[in-house]
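Undergrad: A single structure is presented below for examination.
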Amino acid sequence: MKTYQEARERYAAFGVDTEKAFRELQNIKISMHCWQGDDVRGFLFRDNALTGGIQTTGNYPGAARTPAELREDMEKAFSLIPGRHKVNLHSTYADTDEKVDLDQLEPKHFQSWVDWAKERGLGLDFNPTCFSHPKSESGFTLSSADESIRNFWVEHCRRCRRIGEFFGKQLGQKCVTDVWIPDGYKDIPVDRFAPRERLKESLDEIFSEKLDESANLDAVEGKVFGIGSESYVTGSHEFYLGYAVKNHKAVCLDTGHFHPTEYVSDKISSVLLFTDELLLHVSRPVRWDSDHVILLSDELQEIAFELIRNGLFRRTHIGLDFFDASVNRVAAWVIGMRNMQKALLRALLEPTQILKQKEREGDYTARLALLEEMKSMPWQAVWDEFCERNNVPVGAKWLDEARAYEREVLLKR
Ligand code: RNT
Ligand code: ZN
């Protein structure tokens, strides 16, 4: 493309090699969360309401009802997204006719997912599902004061790790198994210590089993509050940061899980100084942890800069986490995945060495001027070229394909 050649030359003038950026971007996998496809319902307990203080709103037609439909939808999305990626599963997305509860799950209940992932060259990530279940109704799971409840969830998480390890071994790429629990109090508690002490004990039990670290990576995800846990969340960020540093686990930073004036982009460099690997749940909070589809926003861009500028992407697992039921679900995936990639590409096209040097020299004028000039460099032409080379639609053309799929498949459900 002529515009690409021009863009290539303009970047080259700053010492940036667009071809190298392509090679880097091609190798960055993003974990596409299955739960956008069916509003976090899963297949094990179709009648259970979504609980745990998270919520989907909207009733856009066409949500997947079976594992086969969900896979078909994700395949459609992947056909519109450049590169080869991973799929993030929750335990309730098991594909089985057996009536199994969460404390009985085994790798075999996910065999069809593994077969599919193998066939498509996809990786898999995994999550225990400590919500939307009668045993989480009290609002407490791993930090419950009720021993039998706590044991149930410990057993669930132990099994999930084994399933994660199975994924990793079968697919020859590490599975990230992320523990998030909704536990917390609506109103101000008297004892903030005891639930956290119990959560620590539960995690110690869960992680006591040694698994193959090249196949499974444990991550722990905190948050500041949820619906129904406005005053206290057992698994806070500080709790998990401490736990992860001490026990060599990965922290999961979800971009919707902090006070609205905090930026996850500013946390990455600190967290990765004291932990080996990081998991990101890229989401978009609107006034609360609303899990809107991610935009190509300033903060998404800043996160991408943080990952690229110091090579931290090599120790970071990028996953998406949003669930919007008011728009076409396949489109939601495509918009989110492509936005994440666009942000990474823009970061890869930055003349970072020049900027760092200006900063070291204290030339903040040049730093500011160049950063602003970079915003109007022709990165779009480079992105289009990347899409073309990956045989996926350039520009808004993907929407026509998503619409055709909606007419032919989704609206007939
Ligand atoms: C909830 C957490 C968690 C979930 C998924 C479905 O606040 O972000 O990651 O969104 O497990
Ligand atoms: Zn999350």
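Undergrad: Under 1.5 on a/c is rounded, so check that first for region 49-126, then, if it is not, pick prolate when a/b is larger than b/c and oblate when it is not; a ≥ b ≥ c are the square roots of the alpha carbon gyration tensor eigenvalues. Show your work: numbers first, answer last.
TA: Values: a/c = 1.80, a/b = 1.09, b/c = 1.64.
Taking the square roots of the gyration eigenvalues as a ≥ b ≥ c, region 49-126 is oblate.
Undergrad: Towards the positive end of the charge dipole of region 1-78, with charges on Cβ (+1 Lys, Arg; -1 Asp, Glu), say which of Gly62, Gly15, Gln36 has the farthest Cα.
TA: My answer, from the dipole projection, is Gly15.
Undergrad: Students often get this wrong, so check it: of Lys99/Lys135; Lys76/Lys412; Lys20/Lys342; Lys29/Lys210; Lys200/Lys246, which have C-alpha atoms separated by over 18 Å? Numbers along the way, then the final one.
TA: Numbers: Lys99/Lys135 16 Å; Lys76/Lys412 16 Å; Lys20/Lys342 15 Å; Lys29/Lys210 26 Å; Lys200/Lys246 11 Å.
Result: Lys29/Lys210 exceed 18 Å.
Undergrad: Output the 0 to 90 degree angle, nearest 10, between the alpha-carbon long axis of helix 237-247 and the longest principal axis computed from the alpha carbons of the chain.
TA: For 237-247 against the chain, the angle is about 90 degrees.
Undergrad: Which Cα, out of Val382, Ile149, Phe78, lies furthest along the positive dipole direction of the chain (beta carbon charges, K/R +1, D/E -1)?
TA: Val382
Undergrad: What is the angle, in °, between the Cα long axis of helix 67-78 and the longest principal axis of the Cα atoms in the chain? Nearest 10 is fine, range 0 to 90.
TA: It works out to around 20 degrees.
Undergrad: Oh, and also: Most exposed first by the Cβ proxy, i.e. fewest other Cβ within 10 Å, how do Val154, Val190 rank?
TA: Details: Val154 19, Val190 7.
Final ranking by Cβ density, sparse to dense: Val190, Val154.
Undergrad: Based only on Cα atoms, what mean projected area does the convex hull of the chain have, in nm²? Walk me through the intermediate numbers first.
TA: Working: hull surface 81.3 nm².
Over every viewing direction, the Cα hull of the chain projects on average to 20.3 nm².
Undergrad: Would you mind working out the magnitude of the charge dipole of the chain relative to its Cα centre, with +1 at each Lys and Arg C-beta and -1 at each Asp and Glu C-beta, to the nearest 20 Debye? Before the final figure, lay out the partial values.
TA: Values: 55 positive and 67 negative charges, 171 e Å.
So the dipole magnitude of the chain works out to roughly 820 debye.
Undergrad: Okay, next question. Lys356: which lysines have alpha carbons under 16 Å from its alpha carbon, excluding same-chain residues fewer than 8 sequence positions away?
TA: List returned: none.
Undergrad: Size of the dipole of region 1-68 about the Cα centre, Lys and Arg at +1 and Asp and Glu at -1 on the beta carbon, nothing else charged, in debye to 20? Don't skip to the answer; put the middle values down first.
TA: Details: 9 positive and 8 negative charges, 19 e Å.
Dipole about the Cα centre, nearest 20: 100 debye.
Undergrad: How large is the convex hull of the C-alpha atoms of region 122-172 per residue, in Å³? Could you put the intermediate results ahead of the total?
TA: Working: hull volume 3.6 nm³, N = 51.
Expressed per residue, the convex hull around the Cα atoms of region 122-172 is 70 Å³.
Undergrad: Now a separate question. Evaluated at 25 °C with a viscosity of 0.890 mPa s, what Stokes-Einstein diffusion coefficient in µm²/s does region 193-264 have when Rh comes from the Kirkwood expression over alpha-carbon pairs? Before the final figure, lay out the partial values.
TA: On the way: Rh = 13.3 Å.
Diffusion coefficient, whole number: 185 µm²/s.
Undergrad: Oh, and also: According to a simple spin-label model (label point 7 Å from Cα along Cα-to-Cβ), what is the distance in nm between Glu213 and Arg46?
TA: About 4.3 nm separates the two model spin labels.
Undergrad: If you don't mind, another one. Treat the count of other C-beta atoms within 10 Å as a stand-in for reagent exposure and order Tyr243, Tyr364, Tyr60 from fewest to most.
TA: Numbers: Tyr243 20, Tyr364 10, Tyr60 16.
Lowest to highest Cβ neighbour count: Tyr364, Tyr60, Tyr243.
Undergrad: Treat the count of other C-beta atoms within 10 Å as a stand-in for reagent exposure and order Arg403, Arg159 from fewest to most.
TA: Values: Arg403 14, Arg159 20.
By the 10 Å Cβ count, ascending: Arg403, Arg159.
Undergrad: Taking every pair of alpha-carbon atoms in region 1-150, give the share separated by more than 19 Å as a whole percent. The partial results should precede the final answer.
TA: Details: 7061 of 11175 pairs.
Tail of P(r) above 19 Å: 63 percent of Cα pairs.
Undergrad: I've got another one for you. Could you please state, rounded to a whole Å, how far the C-alpha centre of region 82-108 is from the C-alpha centre of region 212-250?
TA: Using only Cα atoms, the two centres lie 22 Å from each other.
Undergrad: Moving on to the next point. Looking at region 271-348 from every direction and averaging, what is the projected area of its Cα convex hull in nm²?
TA: Details: hull surface 21.6 nm².
Averaged projected area of region 271-348's Cα convex hull equals 5.4 nm².
Undergrad: Separate question: Does region 225-321 come out rounded, prolate or oblate by the C-alpha gyration tensor, with a ≥ b ≥ c the root eigenvalues, rounded set by a/c under 1.5 and, if not, prolate when a/b is larger than b/c and oblate if not?
TA: Note, shape of region 225-321 comes out oblate.
Undergrad: Report the antiparallel proportion of the DSSP beta bridges in the chain as a percent, rounded to a multiple of 5. The partial results should precede the final answer.
TA: Numbers: 4 of 32 bridges.
Around 10 percent antiparallel, to the nearest 5.
Undergrad: Under the rule a/c < 1.5 gives rounded, and otherwise a/b versus b/c splits prolate from oblate, where does region 296-413 land using the Cα gyration tensor? If you can, show how the numbers build up before the last one.
TA: Values: a/c = 2.89, a/b = 2.21, b/c = 1.31.
Prolate.
Readers should treat all values here as calculations from the given coordinates under stated rules, not as data from a laboratory. This structure is a prediction, so every number in the text was calculated from the model and none was measured. For neighbour counting, all protein chains shown are included, and Cβ atoms are generated from backbone atoms with ideal geometry for every residue, glycine included.
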